[in-house]
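Novice: Pasting a structure below so you can have a look.
Bear in mind that the values in this text are calculations on the coordinates, not laboratory data. Only a predicted model underlies this, so the values are computations on that prediction, with no experimental measurement involved. Cβ: placed from backbone, ideal geometry, glycine included. Neighbour counts: every protein chain shown.
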Amino acid sequence: MAKQENFTAGRVAAYQCEGGKNQSIYWDGKTPGLGLRVTATGAKSYIFQSRLHGVSIRLTVGDVRTWTVAEAQAEATRLKTLTDQGIDPRQVKAEQRAKDEALMAERKRKAVST
């Protein structure tokens, strides 16, 4: 059964993992695809889930201690826009990481050669 209600800071703080489970997921009633994963150990992270090319995808947005509800909602909206356009946000992230690593390697190479 989907647990869905509008996220607020107070609600997010109050959510707990259901007894006997490793994790529970709660869904934001306001932002499509935004969820809150709560583990049995008490860890809480915002997640995004959607369908892309007929396949369900899930990404971690971030820890509730560093993301506000509004920031997580904005990120989920951005990710939903990408998936609606047929773009895989995991691939976008991987491409950005590769670019960043190449840039850092180039800077290192230049620093060693000077």
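Novice: I'd like to know which of Thr8, Ala72, Leu36 lies farthest towards the positive end of the charge dipole of the range 3-85, counting +1 on Cβ of Lys and Arg and -1 on Cβ of Asp and Glu.
Specialist: So the residue furthest toward the plus end is Leu36.
Novice: Right, here's the next one. Sorted by average packing, counted as other Cβ atoms within 10 angstrom per residue and highest first, what order do 74-83, 100-109 take?
Specialist: Highest-to-lowest ranking by the protection proxy: 74-83, 100-109.
Novice: Please get the size of the charge dipole for the chain, origin at its Cα centre, with Cβ charges of +1 on Lys and Arg and -1 on Asp and Glu, quoted in debye to the nearest 20.
Specialist: Magnitude of the dipole: close to 280 debye.
Novice: At R0 = 41 Å, how high is the FRET efficiency between Ala98 and Ala14 if r is their beta carbon distance? Nearest 0.05 is fine. Could the numbers behind the result be given before it?
Specialist: Details: r = 40 Å, r/R0 = 0.97.
With R0 = 41 Å, the Cβ-Cβ based efficiency is 0.55.
Novice: Near Gln73, within a Cβ-to-Cβ distance under 14 Å, what is the net charge of the other residues, with Lys and Arg +1 and Asp and Glu -1?
Specialist: Counting the neighbours of Gln73, the net charge comes to 0.
Novice: Follow-up question, since we're still on this one. Return a whole-number percent for the relative contact order of the range 24-73, with Cα pairs under 8 Å and 6 or more residues apart as the contact set. Kindly include the intermediate steps, with their values, before the conclusion.
Specialist: Details: 75 pairs, mean separation 12.9, N = 50.
Value for the range 24-73: 26 percent.
Novice: Here is a follow-up. Please give the calculated 222 nm ellipticity per residue for the chain, where each DSSP H segment of at least 4 residues contributes -39500 (n - 2.57) and the sum is spread over every residue; nearest 500 deg cm²/dmol?
Specialist: -13500 deg cm²/dmol, from helical runs alone.
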